[in-house]
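To start, the structure itself, in structure tokens.
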């Protein structure tokens, strides 16, 4: 039985915001929007067949906010959101699988804070597809 993967790196490659690794990431999630549905028919209590629905990829990650203004993670993702630029994300599980999402856009950037000094932001992305590497 092998060791469990405990580290993941997210890297961004963008013409406008540059190449950078997402630092201080609290959590991340990437999901396929494709799905298979069972269809029914009148007069049959069981399923009649299955339909494979196409779709892309959606995801999000939450990052702790840094001090500073111009080159912070928040500023870079706000710039990607405003420009609507296509960019690539590479997800590398250290010592494990590596996937690239070559056609991504920032869908939304939300900020959050609390009374204990925790300031973070969540980036929601959409991507056309996942490319195993």
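The values are calculated or read from the model by the stated rules, or taken from the named source; none is laboratory data. Fair warning: this is a prediction, and the values are worked out from it, not measured in the lab. Every residue, glycine among them, receives a Cβ derived from its backbone with ideal geometry; neighbour counts consider all protein chains shown.
Worth a mention:
- Taking the conditions (1) part of a loop (DSSP other than H, G, I, E, B); (2) over 24 Å from residue 133 (Cβ atoms); (3) at pLDDT 90 or above in turn, residue 49 satisfies each one other than (1).
Residue-wise test of (1) at pLDDT 90 or above; (2) touching a helix residue (DSSP H, G or I) at 6+ places or on another chain (Cβ under 7 Å); (3) closer than 16 Å to residue 103 by Cα.
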| position | (1), (2), (3) |
| --- | --- |
| 13 | yes, no, yes |
| 43 | yes, no, no |
| 53 | yes, no, no |
| 70 | no, no, no |
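- Entry remark, segment 113-128: residues being touching a strand residue (DSSP E or B) at 6+ places or on another chain (Cβ under 8 Å), at pLDDT below 95 and in a loop (DSSP other than H, G, I, E, B) number 1 in total.
- Any hit, segment 33-49, residues being surrounded by 10 or more Cβ atoms within 10 Å (Cβ to Cβ), under 20 Å from residue 87 (Cβ atoms) and touching a residue at least 12 places away in the same chain (Cβ under 8 Å): yes
- Of residues in segment 57-71 being part of a strand (DSSP E or B) and within 15 Å of residue 27 (Cα to Cα), the one farthest from the chain's Cα centre (by Cα): 64
- Only one of 31, 19, 23 that is under 22 Å from residue 63 (Cα atoms) and assigned to a loop (DSSP other than H, G, I, E, B): 23
- Any hit, segment 89-100, residues being surrounded by fewer than 13 Cβ atoms within 10 Å (Cβ to Cβ) and within 18 Å of residue 60 (Cβ to Cβ): no
- The single condition among (1) assigned to a helix (DSSP H, G or I); (2) surrounded by 13 or more Cβ atoms within 10 Å (Cβ to Cβ); (3) more than 14 Å from the chain's Cα centre (by Cα); (4) at pLDDT 90 or above that residue 74 does not meet is (4).
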